[in-house]
Amino acid sequence: MASTSPTVHAAVPTGSWWTQIAPVVLGLGAFSVYATWRAFEGAYFWASPYLSPFYSPLLDVHHHYWPYSPALLILGGPLGFRATCYYYRKAYYRAFFLDPPACAVAERKRNYCGETRFPFILQNVHRYFMYLAIVFLVFLWHDALHAFVFADRFGVGLGTLVLLVNVMLLTLYFSSCHSLRHLLGGKLDCFSCTNFGNARHSTWRGLSFLNEHHMLFAWTSLFSVGLADFYVRLVSSGAIRDLRLL
Amino acid sequence: MPEVTLKIFRGDREGGQTADYQVPVSPGMVVLDALHYVQKHLAPDLAVRWNCKAGRCGSCSAEVNGRPRLTCKTRMDSLPGDRPVTILPMKSFPVIKDLVTDVSWNYKVNKKIPGFKPRPKTEWKMRQEDVDRVQEFRKCIECFLCQNVCHVLRDHGKHEQFGGPRFFVRVAALEMHPLDGISRAALLKNELGLGFCNITKCCTEVCPEEIHITDNAIIPMKERVVDEFYDPVLKLVRRIRGEKSARE
């Protein structure tokens with residue numbers, strides 16, 4: 001079923017739709033290239049007391065069991081969480097698959113299956129990556145708090161603030177997750193008929209508020225995690241010295 | 001008074017093309033006013049569906065400069081005045097004549113959805129906190145702009161396998177109803193093809209009632225389908241508790 005005027009619709013100027021997807025292509029593309037390079041680099045991830053978020057938790061750092069970069073052991077978790085995230089799905093379906101490139105902009109004809117078949121049916125495991133993300137957040141909070149300890153004394157460096165802001169943005173990104181919102185309250189039909197209904201309703205409302213800003217948290221946390229790693233790398237490699245504030 | 005050129009689709013099921021009309025633009029004028037001007041002065045046989053002219057009935061949906069909109073809520077001064085304004089019928093539905101499309105397919109989809117069915121021994125009391133979510137969905141005026149812009153229907157023509165955003169909103173309203181007693185998760189997955197939606201949010205962008213279709217209806221419904229069909233842990237929990245799934 002379709003309009004009898006496809007050529008008429010195709011002739012309408014669709015505007016500069018590429019300006020909507022160009023920032024996504026640049027942002028996600030640049031991050032992917034940088035993260036891949038850093039994951040394989042396997043060096044400059046530790047500058048006491050800072051640990052790069054790309055390498056946290058630090059596993060088999062002395063290569064007893066794993067001969068490659070330790071980041072490769074763990075990055076599947078955060079990568080899976082972001083790749084199956086409802087916001088990023090919108091972003092990359094539009095920007096990289098042109099599916100569609102923008103609203104009401106024609107796309108190429110082909111056998112479209114959406115998320116009904118492999119590989120995109122795997123998007124349905126998002127909640128499992130969300131569970132995994134909790135583990136990562138615990139380690140990242142530990143790293144951020146550990147960044148206040150300089151040779152057994154309390155201190156604050158610029159890196160401390162970088163790691164702290166990063167983990168806070170990651171926590172906001174996690175807390176605004178659609179799956180979390182569903183599991184903690186959205187799945188209920190009747191809050192008042194359930195045990196702890198008031199608490200779950202309040203939680204759901206709070207998460208819904210955060211959820212409205214999920215895109216913002218997705219981007220800011222993506223940049224913050226890249227910048228945090230970059231800062232640790234600069235300090236670790238000796239390119240700069242950490243600025244000690246306290 | 002400044003004039004603008006309207007390029008309006010003229011044709012029927014057999015085909016057609018745009019025709020140009022010069023229309024004087026007055027302050028506060030909306031696209032539907034301009035179409036009425038054309039009907040009154042230039043082309044009395046121009047077919048336009050409309051009713052309330054107040055953004056409440058959802059009848060005057062069309063594509064203005066390539067964007068699905070209600071013509072009664074699109075002000076002429078919001079459009080570039082130095083270029084012709086193109087007005088086409090909704091692409092996802094067959095044209096009957098000019099700007100009028102046959103949207104009856106939507107009513108066929110609607111019939112697939114089981115209506116409200118209360119739980120056994122329902123106490124007919126509802127608290128506001130339990131119906132807040134549903135009330136957002138009740139704002140829908142069935143303009144079908146979301147159906148029109150959805151690329152699954154618009155570009156891929158999956159009308160046989162896919163229900164479209166409007167009906168995901170309707171199912172969400174029923175599923176989240178505090179007194180409703182049946183699950184429509186299997187319907188969403190199998191009959192309405194929720195998996196075809198790749199959540200690109202165009203439905204939300206064009207909704208004149210500003211319903212958060214994707215975030216508040218489609219994604220929660222996708223999560224309920226995951227609960228039923230793709231989450232082995234929940235499946236196990238249901239089995240241990242002796243609960244039935246939507247498939248049974």
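No lab work stands behind these numbers, since they all come straight from the coordinates. All values reported here derive from a predicted model rather than from experimental measurement. Methodologically, a virtual Cβ is constructed for each residue, glycine included, from the backbone with ideal geometry; neighbour enumeration extends over all protein chains shown.
Miscellaneous remarks
- For peptides A:200-206, A:182-188, sequence by mean Cβ density within 10 Å, most packed first: A:182-188, A:200-206
- Nearby lysines by direct alpha-carbon distance to B:Lys73 (threshold 27 angstrom, same-chain neighbours under 8 apart not counted): B:Lys7, B:Lys40, B:Lys53, B:Lys91, B:Lys97, B:Lys139, B:Lys201
- Taking a sphere under 12 Å around the Cβ of A:Ser56 and counting the other residues whose Cβ falls inside, with K and R at +1 and D and E at -1, yields a net charge of -2.
- With K and R counted +1 and D and E -1, the other residues having a Cβ less than 14 Å from that of A:Ser221 yield a net charge of 0.
- Estimated at 0.36 nm per residue, the fully extended path between A:Thr36 and A:Tyr68 surpasses their Cα-Cα distance by 10.2 nm.
- Chain A - Kirkwood radius from inverse mean 1/r over Cα pairs (Å): 20.6 Å
- Sequence-separation-based contact order of segment A:106-231, relative, with Cα cut under 8 Å and 6+ spacing, percent: 25 percent
- A cut-off under 13 angstrom between Cβ atoms defines the neighbours of B:Cys140, and their net charge, with Lys, Arg +1 and Asp, Glu -1, is +1.
- Farthest towards the positive end of the charge dipole of segment B:104-241, among the residues B:Ile218, B:Gln135, B:Leu192, is the Cα of B:Leu192, using unit charges on the Cβ of Lys, Arg, Asp and Glu.
- Pair-distance profile P(r), taking every C-alpha pair of the protein assembly as shown, with 20 angstrom steps and integer %: 21, 45, 28, 6, 0
- Helix axis angle, B:232-241 relative to chain B longest principal axis, alpha carbon, degrees: 50 degrees
- Within straight-line reach of B:Lys111, meaning a Cα separation under 14 Å, sit the following aspartates and glutamates at least 8 residues removed in sequence or on another chain: B:Glu160, B:Glu191.
- With each label modelled as a point 7 angstrom along the Cα→C-beta vector, the A:Arg117-A:Leu98 pair spans 2.1 nm.
- Helix B:128-137 axis, angle to chain B major axis (alpha carbon atoms, nearest 10°): 40 degrees
- Relative to one another, the C-alpha centroids of segment A:171-203 and segment A:120-169 are positioned 23 Å apart.
- Average beta carbon contacts from partner chains per residue of B:53-65, 10 Å cutoff: 1
- Relative contact order %, segment B:3-101, counting alpha carbon pairs below 8 Å whose residues are six or more apart: 35 percent
- D_trans [Stokes-Einstein, Kirkwood Rh over alpha-carbon pairs] for segment B:104-241, 10 °C, 1.306 mPa s, µm² s⁻¹: 101 µm²/s
- Bridging of A:Lys109 to aspartates and glutamates at a Cα separation below 13 Å is possible for A:Asp99, B:Asp155, once same-chain residues fewer than 8 apart are set aside.
- Here the contact order of chain A, divided by its residue count and restricted to Cα pairs under 8 Å and six or more residues apart, works out to 25 percent.
- Partnerless Cys - the protein assembly as shown, beta-carbon criterion under 4.7 Å: A:Cys85, A:Cys113, A:Cys177, B:Cys60, B:Cys72, B:Cys140, B:Cys143, B:Cys150, B:Cys197, B:Cys207
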